[in-house]
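> Have a look at the structure that comes next, please.
Derivation of every value follows stated rules applied to the coordinates shown; laboratory data play no part. Just so it is clear, the model here is predicted, and its values are computed rather than measured. Backbone-built Cβ (ideal geometry, glycine too); neighbour counts: all protein chains shown.
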């Protein structure tokens, strides 16, 4: 079967919906229709996948929550670190990243949890303490004092550990609010950001967030494997640790 | 007594049962114990309830727990599944009836206590885990086994986008009483029971039997749903099952549906006869049972649809998955294999990982492609509507709303409203929240807080050229919504009495605006008389 112009329009419509993470097929009949075509018509699916491949994106899930896409870093759709709100400083970027990985580790404590379709709850203060406890466990290994490392060679956990849990600003515009110099600020910032990306929802009681299916799908299908591969490689060849992160890691050649 | 449990020796005491016949050594014995464990979370909830601040022995948590599971099951699989608040609300009503003299907040707390216990919120919704003993191996030595299950779980409803509650198989079985047996047989037994009861006029029992029949249908559908979900996820995991057990299961289910539909139609006819009875109690019971049976056949029809689709799903997934690159063979343990090594890396290398993780986890983000004519048009449009909206502020003429004269408690209230509602939000949502703020005493203060929010939102939407006169407004907006807040309009109007104009969307920063789709609020909670 040859695809007609209408079919290509539908592919475009489908991708337009897919790049908006807050759109849901349940709310839009048109989305349901084009998603239904993707799920049932193999020609349509192959063509849509090919277009997405050209955009350096791939379908992670075509379930009831819509077409969830994973994008490679070189895709025009890729989220860049610079797009992350309030993460301009190097320490901010690092802590934000650690919190993000930490949230996934906290929500899915075992590999089997990554397979289980269920809402995960996370309380900001509890998570902050959990993360701190992990960092403290790392500290105990070198309690006897150690040489001062060069800039950029101190371990990542120190960046988190050196921040106080909470710190409320007392001057100027930040007065009365959590300061970016404390860990809880970053936890809330990341969770709030996940809400914007459709990967979490704020609970009405405050202080608690619910991680959605979209988050689970992204962690499982996109983020874990390249990070794991990279870390495994670093562990095998410690001298090559400073090699930049290969952009095509986890992709087929 | 000790020798009763001893290993069989040569001599058997005549008259007493041989140890081999003791049920504790029977292979099915641990399963019976495991069934018993299903009720243990409820027992623990009862004990925990006694430690709460309400007087002991006031509320029957066991009844509440079963009622909660029932509430969930009644909606499960349909369009409007029960949410946490639905179930807590139902239990609150029961608690109010139990102890009308106690405060309403306590009624709600007992409802939350019960549902939280069923979800195992105390342990971050981990599965309930209990250790039991097992003596069934050949040597009859002692082994420990672990029983793990959940009763209720929270899931995302794909259509409404809400979080809903699901009863697990374990909960359904615990509720109907240890149904670790063949569902099909049990259902036949129920039908026979119901028929006999109707014949005898034992309507109460008949009704109970009908409820049990429905729960069994839900349980069967849940089973099939699980299989189809696993098939969609990864065919290889269940292909063995499809090759062996599934065809038989589908046949059984088909026969089951055919049998049930027929039986239930027959029963329904019988029940309808009873509708004409002179005894009012009998007619009422018959009407209830008729409704139940109608609901049952709806359940069977839903199950039937699943059965019809099942084979199609299998073939389709086979087609799809055979040409797909293999799924990840290995799912890493994020905590141990990623987070821990990541924290130990030097921060330069760690940044490489976290930056990549950030892109990977986000998914697509539509790039903004500006078109000049459109941009110019928008810029002008913003000016225009701002000029219109300025007429809104009648107070401008009446008095001088000099920003510094706003009381600090009003500012705090406005800030609180924003924090509570969370950005991005619709202006209408913020207004309603401000107008119903329990933290402000007088309605005049609430009105003022709402006006401040509206002003700040308008300022975000169309900032005037900053001159000395307006620095206060900039400061006000930043204090209420944050320094980078932006607002946009999408033709939706505020639908609240006393307010008009665009229902602005306020987002914490420009990037968030693109994806923001907050819901407008059109209820008028401060006007109870207008309730529909």
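> Contour minus end-to-end for residue B:273 and residue B:380, with contour as 0.36 nm per residue of separation and end-to-end as the Cα-Cα distance? Let's see the in-between values first.
Values: separation 107, 0.36 × 107 = 38.52 nm, distance 7.33 nm.
Difference between extended and current length: 31.2 nm.
> While we're on this one: Quick check on the exposure proxy: order B:98, A:9 from fewest to most C-beta atoms within 10 angstrom. Walk me through the intermediate numbers first.
Details: B:98 15, A:9 11.
So the residues, fewest neighbours to most, are A:9, B:98.
> Let me ask another. May I ask you to sort B:113, A:161, A:8 by Cβ crowding, counting other Cβ atoms within 10 Å and putting the fewest first?
Values: B:113 23, A:161 17, A:8 14.
The most exposed by this proxy come first: A:8, A:161, B:113.
> Still on this structure: Ranking request for peptides B:138-149, B:429-440: highest mean number of other beta-carbon atoms within 10 Å first, then the rest in descending order.
Working: B:138-149: 12.1, B:429-440: 20.3.
Ranking the peptides B:138-149, B:429-440 by packing returns B:429-440, B:138-149.
> Multiplying the sequence separation of residue A:55 and residue A:39 by 0.36 nm and subtracting their Cα-Cα distance, what value in nm do you get? Each step should come with its number before you reach the end.
Values: separation 16, 0.36 × 16 = 5.76 nm, distance 2.00 nm.
Once the chain is fully extended between residue A:55 and residue A:39, it gains 3.8 nm.
> Express in nm, to one decimal, how much length is gained between residue B:243 and residue B:48 on full extension, taking 0.36 nm for each residue of separation and deducting their alpha carbon distance. Please report the intermediate quantities before stating the final value.
On the way: separation 195, 0.36 × 195 = 70.20 nm, distance 4.70 nm.
Here the segment from residue B:243 to residue B:48 would lengthen by 65.5 nm.
> I'd like the FRET efficiency for residue A:170 and residue B:96, computed as 1/(1 + (r/R0)^6) with the beta carbon distance as r and R0 of 60 Å, rounded to 0.05.
With a Förster radius of 60 Å, E is 0.85.
> Taking 7 Å along the Cα-to-C-beta vector as the label spot, tell me the residue B:131-residue B:226 distance in nanometres, rounded to one decimal.
2.6 nm
> If R₀ is 60 angstrom, what is the calculated FRET efficiency for the pair residue B:412 and residue A:235, using the beta carbon separation as r and rounding to 0.05?
Working: r = 51 Å, r/R0 = 0.85.
Once rounded, the FRET efficiency stands at 0.70.
> If I model a spin label at residue B:265 and residue A:88 as a point 7 Å from the Cα along the Cα→Cβ vector, what separation in nanometres do I get?
The modelled label-to-label distance comes out at 7.3 nm.
> Distance in nm between label sites at residue A:205 and residue B:443, each 7 Å beyond Cα in the beta-carbon direction?
With each label point 7 Å from Cα toward Cβ, the separation is 3.3 nm.
> Using the beta-carbon distance between residue A:27 and residue B:85 and R0 = 25 Å, what value does 1/(1 + (r/R0)^6) give for FRET efficiency, to the nearest 0.05?
Calculated value: 0.75.
> Using a 10 Å cut-off around each Cβ of peptide A:97-107, what is the average number of partner chain Cβ atoms that fall inside?
On the way: counts 10, 9, 1, 5, 12, 6, 3, 6, 9, 4, 2.
Across A:97-107, the average partner-chain Cβ count within 10 Å equals 6.
> Sort B:334, A:91, B:410, B:361 by Cβ crowding within 10 Å, fewest neighbours at the top. Present the calculation step by step, with values, prior to reporting the outcome.
On the way: B:334 29, A:91 16, B:410 20, B:361 24.
So the residues, fewest neighbours to most, are A:91, B:410, B:361, B:334.
> On average, how many beta carbons from a partner chain sit within 10 Å of the beta carbon of a residue in A:191-202?
Values: counts 0, 4, 5, 2, 4, 11, 6, 4, 3, 0, 5, 2.
Mean shielding count: 4.
> Here's a follow-up. Shielding by partners for B:154-162, please: the mean number of other protein chain Cβ atoms within 10 Å of each residue's Cβ.
Values: counts 5, 4, 13, 4, 8, 7, 3, 8, 1.
So the per-residue partner count for this stretch is 6.
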